[in-house]
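One structure is given here, and the rest of the page talks about it.
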Amino acid sequence: MMNWRNNSERYGALSIGLHWLMLLLLIAVCACIELREFFPKGSDTREALKAWHFMLGLSVFVLVWLRLTARMTGPIPHITPEPPAWQELSAKLMYFALYVFMIGMPLAGWLMLSAEGKPIPFFGLHLPPLTGESPPLAELVEEIHEAGGVIGYLLAGLHAAAALYHHYVVRDNTLRRMLPHRD
């Protein structure tokens, strides 16, 4: 039976489950905003995809705090064999960038909707605006949010490539630590 908490050898079920759930959520967030382009502006399908983009993005924002708590309250499993110091530093910088992304992007989306004077949907709730209506602020935050999306694709791609590199080339336990345990 798998432990819920991390130990020195591998991540616990909570960290593993949140990692893969967040991946699926991020894929869904991206898919919603990219697929909306295939539908005419103002159409029900396009508007539904945008609403799902907002709600799923805010779900990432909610879950990232649980994920951070799990990461900060338990040990980080050791990589065997131990990687060089520059790789450990790179990994720490990547994790920092990914957490900034998972916090910053939903906040930017929430701020953008607020500045546009639009409702902030969250599964039947309407969240309060973070600011008053401000078209110039909305435009600025939208540009930042779109650039952040491109950066997010890059970060996720680098993160996945590094995990695969460690698994297939270096042959260490980097990826196996985050996979469900098979008894």
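Note down the magnitude of the dipole of the chain about its Cα centre, charges +1 on Lys and Arg C-beta and -1 on Asp and Glu C-beta and zero elsewhere, to the nearest 20 debye.
680
For Lys41, which lysines qualify as cross-link partners when the Cα separation must be under 26 Å and same-chain residues fewer than eight apart are set aside?
Within reach: Lys50, Lys118.
Can you tell me the equivalent ellipsoid semi-axes for segment 13-178? Use √(5λ) from the Cα gyration tensor, largest first, whole Å.
Each semi-axis is the square root of five times an eigenvalue, giving 33, 16, 15 Å.
Using +1 at the C-beta of Lys and Arg and -1 at the C-beta of Asp and Glu, which of Val170, Ser90, Gly152 has the Cα lying farthest in the positive direction of the dipole of segment 13-178?
Final value for the positive-end residue is Val170.
If I stretch the segment between Ala156 and Thr73 completely, what's the gain in nm (0.36 nm per residue apart, minus their alpha carbon distance), one decimal?
27.5 nm
May I ask you to evaluate 6.51 cos²θ - 1.76 cosθ + 1.60, the Karplus curve with θ = phi - 60°, for each residue of segment 47-53 and list the ³J(HN,Hα) values in order in whole Hz, giving x for glycine and proline?
For segment 47-53, the Karplus curve yields 5, 5, 5, 5, 4, 5, 4 Hz.
Just need the relative contact order of the chain here, percent rounded to a whole number, with Cα pairs under 8 Å and 6+ apart.
24
Starting from the amide H of Thr174, placed 1.01 Å from N in the peptide plane, find each other amide H under 5 Å away whose residue is 5 or more places distant or on another chain.
Thr80
If amide H atoms are built 1.01 Å from N in the plane of the peptide, which residues on other chains or at least 5 residues away come under 5 Å of the amide H of Ile120?
For Ile120, whose amide H was placed from the backbone, the distant partners under 5 Å are Leu127.
In degrees between 0 and 90, to the nearest 10, how far off the longest principal axis of the chain does helix 13-35 point, with axes built from Cα atoms?
40
Tell me what the chain gives for mean residue ellipticity at 222 nm when only DSSP H runs of n ≥ 4 count, each as -39,500 (n - 2.57), the sum divided by the residue total, rounded to 500 deg cm²/dmol.
Taken over the chain, the calculation gives -23000 deg cm²/dmol.
5 Å is the cut-off here: which amide hydrogens, built 1.01 Å from N in the peptide plane, fall below it relative to His181, excluding neighbours closer than 5 in sequence?
For His181, no residues qualify.
Net charge within 15 Å of Gln87 by Cβ-Cβ distance, Lys/Arg positive one each and Asp/Glu negative one each, not counting Gln87 itself?
0
Using a Förster radius of 25 Å, what is the FRET efficiency between Leu164 and Glu9 based on their Cβ-Cβ separation? Nearest 0.05, please. Please report the intermediate quantities before stating the final value.
Details: r = 21 Å, r/R0 = 0.84.
That pair, Leu164 with Glu9, gives E of 0.75.
Estimate the FRET efficiency between Lys92 and Leu125 by the formula 1/(1 + (r/R0)^6), using the beta-carbon distance for r and 30 Å for R0, to the nearest 0.05.
Here the calculated transfer efficiency is 0.25.
Each value in this text was obtained by applying a stated rule to the coordinates, not by laboratory testing. In this text, all values refer to a predicted model and were calculated from it rather than measured experimentally. Every residue, glycine as well, gets a Cβ built from its backbone with ideal geometry; the counts of neighbours run over all protein chains shown.
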